[in-house]
1. Only residues in region 116-145 that are under 26 Å from Tyr87 (Cβ atoms) count as the first member; pair them with residues that are surrounded by 13 or more Cβ atoms within 10 Å (Cβ to Cβ) and among the acidic types (Asp, Glu), Cβ under 6 angstrom, at least 6 apart or cross-chain, and list the lot.
2. Would a scan of region 109-118 turn up a residue that is over 23 Å from the mean Cα position of the chain (by Cα), closer than 23 Å to Ile329 by Cα, outside the structural domain of Gln332 (by TED's automatic domain parsing) and outside any strand (DSSP E or B)?
3. Going by what's in this entry, would Ala292 be described as at pLDDT below 95, part of a loop (DSSP other than H, G, I, E, B) and hydrophobic (A, V, I, L, M, F, W, C)?
4. Would you mind telling me which numbered condition in (1) in the same structural domain as Asn116 (by TED's automatic domain parsing); (2) more than 56 Å from the chain's Cα centre (by Cα) Val43 fails?
5. Give Lys201, Lys226 a once-over and let me know the one that is out of contact with any strand residue (DSSP E or B) (no Cβ under 6 Å at 6 or more places or on another chain), not polar (S, T, N, Q) and not assigned by TED's automatic domain parsing to the domain that holds Lys167.
6. Does Met16 qualify as being exposed (fewer than 14 other Cβ atoms within 10 Å of the Cβ), touching a residue at least 40 places away in the same chain (Cβ under 8 Å) and either under 57 Å from the mean Cα position of the chain (by Cα) or in the same structural domain as Pro184 (by TED's automatic domain parsing) (or both)?
7. Kindly indicate whether Met67 is surrounded by fewer than 17 Cβ atoms within 10 Å (Cβ to Cβ), of a type in the set (A, V, I, L, M) and either within 46 Å of the chain's Cα centre (by Cα) or in a strand (DSSP E or B) (or both).
8. Only residues that are outside any strand (DSSP E or B) and out of contact with any Pro (no Cβ under 8 Å at 6 or more places or on another chain): list them for region 336-373, please.
Amino acid sequence: MIRVRNNGSVVDQFDMQVLGPAAAWTTVEPASISLLPGAEQSVDVLFRPAKASDVLAGRTTFAVKAMSHEDPDASSVEEGVIDVLPYDERAAELIPRTSKGRRSAAHEIAVDNRGNAPIVVDLTGVDPEGTMGIQFDPPQLTVAPGTAQFSKVRVQPAKSFWRGQNKTAPFTLFVTGQDQPPIPLDGSMLQIPILPKWFWKAVIVVLAVLLLLVILWFALVKPQIKSSAEEVIAPVEERLDAASIPTVPEGGAAEEPGAGAATTTTTSPATESSTNDTTSTTQTTVVQELGASSAYGDPFSVRLEVQTGTNPSASYSVPVGMTFAITDIVLQNPQGDSGRLTLLRDDDVLLELSLENFRLHDLHTISPYIIEGGENVILTITCTTPGPSASQCVDAASLAGFQQ
């Protein structure tokens with residue numbers, strides 16, 4: 001309550017105006033009063049802070065100004081302080097819920113602070129058998145009001161296996177904070193064998209091909225080479241015989257033609273010519289992972305992040321010959337920016353949303369977005385107003401699906 005007194009000599013009207021950070025959620029009743037000279041009247045100051053992350057907890061200053069109609073220069077200002085109490089509202093999400101790998105797999109935890117005071121959370125994890133290794137980077141997050149923070153999670157089963165059926169390794173992650181119950185996040189890893197089921201069949205096929213090549217060499221190629229060499233040597237031997245030029249027997253010297261004659265030594269041509277043998281090598285590359293639940297290929301994910309002051313757009317180019325089928329899209333607006341977010345496939349718009357409508361938006365599609373090889377997935381941001389205490393808009397999109 002504030003008491004207003006007219007110290008002037010004429011009847012005056014006073015308009016009450018609230019100043020300072022609390023002005024948006026503070027009112028004065030009545031907002032305007034008329035006073036006779038020397039008269040005074042009390043007005044009530046009502047504080048109605050909204051339950052929102054932009055109304056921060058703690059001591060907030062305010063001021064009430066009484067503006068005189070008759071003498072504006074004589075207006076008076078009264079200052080005060082109000083203590084806004086904190087409230088806690090948080091959320092957490094595991095991205096993706098199920099991963100796939102041979103020895104380890106990666107996830108990400110997103111913690112969203114929807115309260116009006118900073119929170120500090122610790123990240124822990126357990127599995128039913130207590131043998132799985134779970135690592136967090138970082139293991140503790142400090143989340144400002146109205147923002148979200150992320151931590152990378154790597155899960156690794158105790159043992160890998162070479163062959164057999166796929167194994168599902170469940171686990172539970174906990175987001176814990178002071179004076180708040182922990183938030184459980186259930187996930188699982190689909191562990192696949194190091195060697196695919198078709199590996200030994202491929203080995204047998206390769207051995208069969210090599211055996212066939214050896215048989216063809218001895219049965220067809222080598223006899224053909226020997227026959228061709230004999231056809232070349234035969235005319236040479238006939239010409240040597242016609243010229244009566246002695247040949248050197250194998251391992252011996254040429255015969256002497258007679259006394260006083262010069263000794264002639266002749267080296268006979270080789271009976272076989274060497275050839276370069278060319279063999280084709282069959283190479284088997286083990287790249288397929290079994291147990292994929294989709295005909296679009298193996299699980300794949302990529303994260304695009306945009307900072308309007310540094311890189312106003314981010315893109316991922318699908319390698320030529322590959323296809324990226326997008327089934328899950330998580331849009332992240334951790335600062336609470338305002339503006340427009342657009343996700344494109346080259347020049348085609350896939351999604352277009354207002355940033356102020358979400359902080360963390362999770363989309364799942366029954367029919368995936370297909371990005372062909374050579375095409376680009378592009379994230380662009382049109383920044384209108386950065387979030388509280390931010391100088392630029394920082395937003396991201398996590399794209400998950402299958403690539404083959």
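The values are calculated or read from the model by the stated rules, or taken from the named source; none is laboratory data. Keep in mind that what you see is a predicted model, and the values were worked out from it rather than measured. Heads up, the Cβs are rebuilt from the backbone with ideal geometry, glycines too, and the neighbour counts pull from every protein chain shown.
1. Gln140/Asp122
2. yes
3. The answer is yes for Ala292.
4. Every condition holds for Val43 apart from (1).
5. Lys226
6. Taking the combined requirement at face value, the residue does not satisfy it.
7. Here the answer is yes, as Met67 does meet what is asked.
8. Those that are outside any strand (DSSP E or B) and out of contact with any Pro (no Cβ under 8 Å at 6 or more places or on another chain): Asp346, Asp347, Leu355, Glu356, Asn357, Phe358.
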